[in-house]
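Report on the following structure.
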Amino acid sequence: MSIRVGDAAEAPSFPRAARALLGNTQLRQNVRRATEVIRNRRARVVGELSDWEQLRQAGHEIKQHTLQYLDFYLEQFEEACTRAGGQVHWARDADEANAIILSILGARQAREVIKVKTMTSDEIGLNHALEAAGITPYETDLADLIVQLGDDRPSHIVVPALHRNRMEVRDIFLRKMHLRELGDKPEDLTNAARAYLREKFLRVGVAISGANFAVAETGSVCVVESEGNGRMCVSLPEVLITLVGIEKVIPRFEDLEVFLQTLPRSATGERMNPYNSIWTGIVPGDGPQEFHVVLLDNGRTKVLADTESRETLDCIRCGACLNACPVYRQTGGHAYGSMYSGPIGAILTPQLQSLEHSESLPYASSLCGACYEVCPVKINIPEILLHLRAKVTAAGDAPFEERVGMEAAAFVFEDPDMLALAQKLSRIAQKPFERDGVIRHLPGMLSGWTAFRDLTPIPKQSFREWWNERESQRGDQ
Amino acid sequence: MNERSEMLEGIRRAIGSRGSDRESDYASIRRGYHQALPIDLPECVHLFVDRLHDYDATVHFCPVEGIAATVAAVLSGRRKHSLLVPPQLPPDWMPSNFEFIRDTGLSYGHIDRSEGVLTGCAIAIAATGTIVLRHSAGEGRRALTLIPDYHLCVVFEHQIVGTVPEGIRLMSEFGRAPITTISGPSATADIEMTRIKGVHGPRTLDVILVA
Ligand code: SF4
């Protein structure tokens with residue numbers, strides 16, 4: 001079995017990658033500005049809902065329940081989808097998923113495919129596999145298109161090109177779309193993408209999509225999006241292949257009522273995203289007449305087996321934890337070595353692939369708890385980070401543990417802002433890790449911080465209060 | 001089939017023992033969130049219109065017997081002469097003096113060259129300003145409301161529910177018909193987080209709200 005998360009296994013360690021990125025002021029500025037905007041929008045629309053906490057709790061419980069009976073729900077989904085005319089395939093790892101997709105395309109002699117934002121396909125390295133087989137994949141999500149045409153890597157799970165500003169996007173489009181002229185207003189750029197992709201939407205016969213939710217009871221699939229490229233891909237071609245991580249299944253159609261409230265508000269700060277497509281198998285006379293679902297494991301079963309970190313699989317990929325994370329906002333997403341960046345990347349990647357290929361990631365956090373606070377399915381990311389750090393230590397690689405811990409700490413301490421943060425956090429950060437009133441051993445970076453504890457008195461404010469005050473002071477400057 | 005049984009076997013091993021039975025475990029999920037809004041229909045309608053304005057959709061109001069006249073007025077305002085319609089659009093929504101082409105399997109190219117599309121909807125959700133299409137002979141196949149650059153949609157006040165949970169309840173009864181939910185015209189914020197209206201879906205959405 002070859003479990004792969006993009007090419008994260010070959011990526012440099014987080015502190016090394018982060019250090020390099022910290023020198024890129026343009027990138028840091030773009031990331032800071034973009035995350036700021038989404039955070040404010042999110043705060044506004046979440047604040048509107050008096051039942052937000054109940055929605056988070058329900059989302060968490062639905063996901064936990066599903067994982068507990070995942071075998072049942074996957075089989076139920078398969079049965080319902082098949083009854084509606086879909087074909088369900090099972091892939092244990094990246095290579096198997098790629099092989100299944102290639103064989104479907106081979107039978108059709110397809111030379112081109114249109115793709116709608118699927119991080120899972122980045123995870124399995126699908127584009128490489130397609131290109132190696134002589135098939136051209138067209139990314140259709142605007143941000144993914146910017147990343148693809150710029151030979152770049154995604155830096156955010158919801159807005160993958162947020163590290164690029166409009167001038168950079170203009171240059172990429174001019175060059176790669178062979179345009180003679182192009183303005184630099186976002187409208188100009190969007191119109192260029194519309195014209196470039198429309199011809200492909202109307203012509204290319206096969207699409208590959210991901211899924212936000214797969215409903216076990218009905219066999220329906222739901223794709224959540226903004227631009228309309230998702231609708232194009234799932235409803236125009238003759239053949240549709242949908243790649244679904246096994247954790248994407250939910251029991252009943254009604255469960256959508258929770259996630260369709262929490263996901264858009266958390267992801268883009270909208271009450272509802274412009275478009276949702278929900279379809280069930282094949283409908284004669286409307287949309288694809290051949291529909292394949294590829295159910296992908298690729299290490300998810302391993303995550304499932306560890307009850308202490310199982311809830312990692314609850315993730316609905318909203319990106320709120322990235323925008324909230326002081327470390328992500330300093331480094332951007334590239335330092336995390338794969339498409340899964342930020343706090344969720346720091347816990348997901350090391351669990352999917354083997355720990356030794358990404359053992360620095362659990363240290364890519366200041367453990368401040370902001371990620372947990374915003375997570376719409378209440379994943380306790382700080383606790384899972386500590387759990388994974390303990391695993392790195394227990395793997396008997398103690399010297400490494402120290403090295404990475406100190407390396408990560410050094411990167412934090414080089415930045416005066418981060419140092420201040422680290423000092424102030426050292427006591428507060430322990431809070432999420434109390435169990436039965438006992439604080440467990442804090443491995444790694446935090447243990448290093450204890451040395452600073454006596455240097456600065458811990459402020460009486462809560463972390464959030466302190467952070468917000470700090471941010472608003474910065475804003476005033 | 002080998003991969004399938006191996007994956008399922010692996011999943012069962014990973015889960016280990018489970019406490020209660022599935023049905024009762026599912027039933028124990030706490031759903032303390034609001035199912036409905038504590039407001040009446042006129043307030044619901046008001047909220048829905050507010051949301052549509054937020055999305056820059058234009059809203060026109062008319063009584064039941066005034067649909068065709070309103071369609072005519074809106075189309076004149078937009079300088080349109082010809083729209084596509086689903087096979088079973090009610091004939092009395094279509095004013096004379098305009099051309100309406102029924103979609104009986106038009107090519108994508110034909111739809112792409114059209115001036116726009118006129119449809120009704122299945123339901124609408126006030127809290128989020130969402131219009132729900134249930135793709136069928138009445139509301140048309142998916143391509144019909146996707147490829148054109150202009151969508152004129154007729155919504156009846158009685159089709160409006162307050163919340164997402166109320167909307168999902170109704171949608172769960174749609175059977176296998178594909179569903180599209182539309183909350184404002186297509187948009188992106190991918191470039192410098194500036195919201196740009198209209199990427200691939202219809203760039204202009206007009207709504208006729210029928211009392
Ligand atoms: S971990 Fe939570 S906050 Fe982060 S992307 Fe997943 S669902 Fe969103």
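The values are calculated or read from the model by the stated rules, or taken from the named source; none is laboratory data. Not measured: the values here are computed from a predicted model. Every residue, glycine among them, receives a Cβ derived from its backbone with ideal geometry; neighbour counts consider all protein chains shown. What goes into the accessible areas is simple: the full protein's heavy atoms, side chains included, and nothing from ligands, DNA or RNA. Shrake-Rupley method; radii C 1.70, N 1.55, O 1.52, S 1.80 Å.
In segment B:160-181, how many are in contact (Cβ under 8 Å) with a residue 60 or more places away in the chain and in a strand (DSSP E or B)? Counting residues in segment B:160-181 that are in contact (Cβ under 8 Å) with a residue 60 or more places away in the chain and in a strand (DSSP E or B) gives 2. Residue under question is B:V207, and the condition is that it be open to solvent by less than 10 Å² (accessible area, probe 1.4 Å), more than 11 Å from every other protein chain (Cβ to nearest Cβ) and touching a residue at least 60 places away in the same chain (Cβ under 8 Å); does it hold? In short, yes.
Residues that are part of a helix (DSSP H, G or I) and exposed (fewer than 15 other Cβ atoms within 10 Å of the Cβ) occur at least once in segment B:81-92. Evaluated against (1) open to solvent by 20 Å² or more (accessible area, probe 1.4 Å); (2) closer than 26 Å to A:L197 by Cα; (3) of a type in the set (V, I, T), B:T180 falls short on exactly one condition, (1).
Listed conditions (1) touching a residue at least 40 places away in the same chain (Cβ under 8 Å); (2) crowded, with 23+ Cβ neighbours inside 10 Å are all met by A:K200, apart from (2).
Pairs are defined by a Cβ separation below 6 Å, a sequence spacing of at least 6 or placement on different chains, a first member in segment A:320-343 that is modelled with pLDDT of 90 or more, and a second member that is outside any helix (DSSP H, G or I) and within 10 Å of the ligand (Cβ to nearest atom); the pairs so defined are A:C321/A:C375; A:G342/A:C325; A:P343/A:C325.
For segment B:146-162, the count of residues that are among the small types (G, A, S) and out of contact with any helix residue (DSSP H, G or I) (no Cβ under 7 Å at 6 or more places or on another chain) is zero.
Yes or no, residue by residue, for (1) within 12 Å of chain B (Cβ to nearest Cβ); (2) not in a helix (DSSP H, G or I):
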| site | (1), (2) |
| --- | --- |
| A:R180 | no, yes |
| A:N191 | yes, no |
| A:K200 | yes, no |
| A:V224 | yes, yes |
| A:I241 | no, yes |
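For residues that are among the acidic types (D, E) and within 15 Å of the ligand (Cβ to nearest atom), scanning just segment A:355-387, find the one that is most open to solvent (accessible area, probe 1.4 Å). Selected residue: A:E373. With respect to the stated conditions, A:Q289 fails to be more than 16 Å from the ligand (Cβ to nearest atom), closer than 19 Å to A:G342 by Cβ, surrounded by fewer than 24 Cβ atoms within 10 Å (Cβ to Cβ) and of a type outside the set (G, A, S). So is B:S96 in the same structural domain as B:P178 (by TED's automatic domain parsing), touching a residue at least 24 places away in the same chain (Cβ under 8 Å) and part of a loop (DSSP other than H, G, I, E, B) or not? So B:S96 does not fit the description; no. Checking the structure you have, find out if any residue of segment A:209-218 is at positive phi, open to solvent by 10 Å² or more (accessible area, probe 1.4 Å) and assigned to a loop (DSSP other than H, G, I, E, B). No, segment A:209-218 has no match at all. When every residue of segment A:344-353 is checked against the conditions, at least one turns out to be away from the ligand (no atom under 12 Å from the Cβ), at pLDDT below 95 and either open to solvent by 10 Å² or more (accessible area, probe 1.4 Å) or assigned to a loop (DSSP other than H, G, I, E, B) (or both). Being facing chain A (nearest Cβ under 9 Å) and among the acidic types (D, E) is the filter here; which residues of segment B:147-170 pass it? Correct list: B:E166 only. So, in segment A:265-283, how many residues would count as being surrounded by 24 or more Cβ atoms within 10 Å (Cβ to Cβ), facing chain B (nearest Cβ under 9 Å) and under 16 Å from B:Y33 (Cβ atoms)? Of the residues in that region, 1 qualify.
Take residues that are facing chain B (nearest Cβ under 10 Å) and tell me which of the helices (runs of 4 or more DSSP H) falling wholly in segment A:1-107 contain 3 or more. In segment A:1-107, the matching helices (runs of 4 or more DSSP H) lie at A:25-47, A:52-68, A:70-83.
So that you can scan it fast, the table gives a plain yes or no per residue for (1) within 16 Å of the ligand (Cβ to nearest atom); (2) of a type in the set (D, E, K, R); (3) assigned to a loop (DSSP other than H, G, I, E, B); (4) in contact with a His (Cβ under 7 Å, 6 or more places away or on another chain):
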{"site": "A:E247", "(1), (2), (3), (4)": "yes, yes, no, no"}
{"site": "A:L256", "(1), (2), (3), (4)": "yes, no, no, no"}
{"site": "A:Q261", "(1), (2), (3), (4)": "yes, no, no, no"}
{"site": "A:P264", "(1), (2), (3), (4)": "yes, no, no, no"}
{"site": "A:W279", "(1), (2), (3), (4)": "no, no, no, no"}
{"site": "A:V294", "(1), (2), (3), (4)": "no, no, no, yes"}
{"site": "A:R317", "(1), (2), (3), (4)": "yes, yes, yes, no"}
{"site": "A:S338", "(1), (2), (3), (4)": "yes, no, yes, no"}
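Evaluate segment A:97-117: report whether one residue or more is touching a Lys or Arg at 6+ places or on another chain (Cβ under 6 Å), buried (at least 22 other Cβ atoms within 10 Å of the Cβ) and within 20 Å of A:K200 (Cβ to Cβ). Taking every residue of segment A:97-117 in turn, at least one turns out to be touching a Lys or Arg at 6+ places or on another chain (Cβ under 6 Å), buried (at least 22 other Cβ atoms within 10 Å of the Cβ) and within 20 Å of A:K200 (Cβ to Cβ). Tallying residues that are of a type in the set (D, E) and more than 10 Å from chain B (Cβ to nearest Cβ) within segment A:131-167 yields 4. Taking first residues from segment A:1-14 that are within 14 Å of A:L352 (Cβ to Cβ) and of a type in the set (V, I, T) and partners that are buried (at least 17 other Cβ atoms within 10 Å of the Cβ) and at pLDDT below 80, the Cβ contacts under 8 Å between residues at least 6 apart in sequence or on separate chains come to A:V5/A:S358. Filtering segment B:45-57 to residues that are open to solvent by 50 Å² or more (accessible area, probe 1.4 Å) and touching a residue at least 40 places away in the same chain (Cβ under 8 Å) leaves B:D50, B:D54, B:D56. Scan segment B:20-34 for residues that are within 7 Å of another protein chain (Cβ to nearest Cβ) and either aliphatic (A, V, I, L, M) or part of a helix (DSSP H, G or I) (or both) and jot them down. B:R22, B:D25, B:Y26, B:I29, listed by residue number.
Of all the numbered requirements in (1) under 21 Å from the mean Cα position of the chain (by Cα); (2) part of a loop (DSSP other than H, G, I, E, B), B:S17 misses one, and that requirement is (1).
Taking the residues in segment A:108-130 that are in a loop (DSSP other than H, G, I, E, B) and not basic (K, R) as candidates, determine which candidate is nearest to the other protein chains (Cβ to nearest Cβ). Here the residue is A:V116. Could you tell me whether segment B:185-200 includes any residue that is more than 7 Å from chain A (Cβ to nearest Cβ) and open to solvent by 20 Å² or more (accessible area, probe 1.4 Å)? Among the residues of segment B:185-200, at least one is more than 7 Å from chain A (Cβ to nearest Cβ) and open to solvent by 20 Å² or more (accessible area, probe 1.4 Å), which makes the answer yes.
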